[in-house]
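One structure is given below, encoded as structure tokens.
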Amino acid sequence: MNSPHELTQLLDALRALRDGGEPRAALATLTRTRGSTFRRPGTHMLVLHDGRVVCELSGGCPQRDIVARALEVIADGAPRRVTYNSESGLDVLMEMGCGGELEILIEPLAPAGTTAFADSLAQCLEARIDAQLATLFAVDGQVVAPQRMVWSAQRVLFDGIDDTATGAVIADACAAHRARGATTQQLASPRGTLDVLIESVQPPHALVVIGSSAAARALLPLSTALGWQTTLVDHDPARLQSPDLPAGLRTLCTTPEQLQQALPLDAHSSVVVMTHNLERDIAWLAALRDAPVAYVGSLGSRERVSRMRHASELQGLRLHAPAGLDIGSETPEEIALAVAAEIMAVINARSGGPLRDNDGAIHG
């Protein structure tokens with residue numbers, strides 16, 4: 001599925017199309033995959049009338065063929081389901097070279113009301129609320145004009161389903177969907193058997209970097225490039241006014257005691273403490289002991305980390321220290337890469353080992 005960063009770009013593009021007038025575009029969505037594929041269900045690509053795309057499907061996918069079919073959908077105004085498997089699209093599958101099978105829904109985005117769900121979903125991302133996006137796209141095996149529902153916290157936030165009974169079935173399926181990622185389900189309803197893609201939508205990851213060391217500064221542009229909401233924290237306001245900081249970076253001048261009041265943290269947040277002052281690092285880490293974050297890390301030598309772990313203030317803190325994967329990093333940029341890679345492994349529940357040792361799915 002799309003990353004939160006990609007989804008933000010997609011929603012911005014959908015709303016821009018709508019606000020600019022009658023949209024002439026198509027939305028291509030992976031609804032089912034089988035075997036080895038480059039992207040997973042729930043991945044969307046917006047195709048504009050001139051062939052430009054927003055959120056490419058990534059190398060190896062039959063993107064050129066999908067774009068060509070999307071332009072046909074824009075012209076005729078009818079949604080269609082396209083399948084790439086051993087029975088159809090074989091030449092494209094051979095070009096992919098990954099042996100997987102894909103099912104893709106391509107829908108025209110006219111009239112403008114077809115993008116109405118984008119506002120509700122964007123509000124969830126901005127408010128850092130987990131949500132489910134459900135797309136009804138077939139009934140009894142026949143493709144229909146897609147209808148959508150946005151669901152979160154036991155309630156429907158946006159209801160684009162055209163009848164109450166069908167909407168209730170889909171809402172129940174959203175409530176029961178606990179898995180991360182996306183899946184297409186077949187749901188029994190008074191209307192018939194529904195094909196519904198249900199996606200778990202999470203807010204963008206937020207990285208808080210505490211300290212203004214060289215490694216901390218190297219981590220900032222990398223975090224931003226990954227689409228993480230990045231905040232630099234320091235107790236010294238002068239260090240937060242450096243002209244070398246990335247444009248648009250969020251900064252916060254505060255103390256350890258005021259950190260959680262000044263900066264809301266949640267399960268989609270990570271914090272890296274990089275001041276290079278042991279006592280100050282311990283103070284910042286102690287302030288994070290009860291924070292509901294996904295990752296807390298700190299730099300340091302083995303001896304320095306041992307002193308951290310024996311500090312009474314840090315007992316009970318799940319600390320990643322020394323922070324980062326073991327890739328032989330020495331320079332600030334290399335250290336930043338190692339730290340970012342470990343954070344990504346943690347938030348994706350991966351070991352961070354070589355892909356050649358992983359017999360499971362590479363993506364998703």
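Values computed for the structure shown
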item: Sole residue being touching a Phe, Trp or Tyr at 6+ places or on another chain (Cβ under 9 Å) and surrounded by 12 or more Cβ atoms within 10 Å (Cβ to Cβ), chosen from 268, 320, 276; result: 320
item: Residue list for segment 185-218, filter: surrounded by fewer than 21 Cβ atoms within 10 Å (Cβ to Cβ), part of a strand (DSSP E or B) and more than 15 Å from the chain's Cα centre (by Cα); result: 185, 186, 187, 188, 189, 192, 193
item: Only listed residue being modelled with pLDDT of 95 or more and under 19 Å from the mean Cα position of the chain (by Cα), chosen from 361, 340; result: 340
item: Matching option when the condition is on the phi > 0 side of the Ramachandran plot and surrounded by 18 or more Cβ atoms within 10 Å (Cβ to Cβ), among 21, 51, 42; result: 42
item: Output for segment 168-183, where each listed residue is closer than 24 Å to residue 347 by Cα and open to solvent by 10 Å² or more (accessible area, probe 1.4 Å); result: 175, 176, 177, 178, 179, 180, 181, 182, 183
item: Only one of 349, 262 that is touching a Leu at 6+ places or on another chain (Cβ under 8 Å), open to solvent by 40 Å² or more (accessible area, probe 1.4 Å) and without any contact (Cβ under 8 Å) to a residue 12 or more places away in the chain; result: 262
item: Residue in segment 219-230 that is touching a residue at least 24 places away in the same chain (Cβ under 8 Å), over 30 Å from residue 44 (Cβ atoms) and in a loop (DSSP other than H, G, I, E, B) present; result: no
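Every residue, every condition in (1) of a type in the set (A, V, I, L, M, F, W, C); (2) modelled with pLDDT under 90, yes or no:
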site: 206; (1), (2): yes, no
site: 209; (1), (2): yes, no
site: 213; (1), (2): no, yes
site: 225; (1), (2): yes, no
site: 230; (1), (2): no, no
site: 278; (1), (2): yes, no
site: 287; (1), (2): yes, no
site: 292; (1), (2): no, no
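The values are calculated or read from the model by the stated rules, or taken from the named source; none is laboratory data. All values reported here derive from a predicted model rather than from experimental measurement. Virtual Cβ from ideal backbone geometry, glycine too; neighbours counted across all protein chains shown. Ligands, DNA and RNA are excluded from the accessible area calculation, which covers all protein heavy atoms including side chains. Shrake-Rupley method; radii C 1.70, N 1.55, O 1.52, S 1.80 Å.
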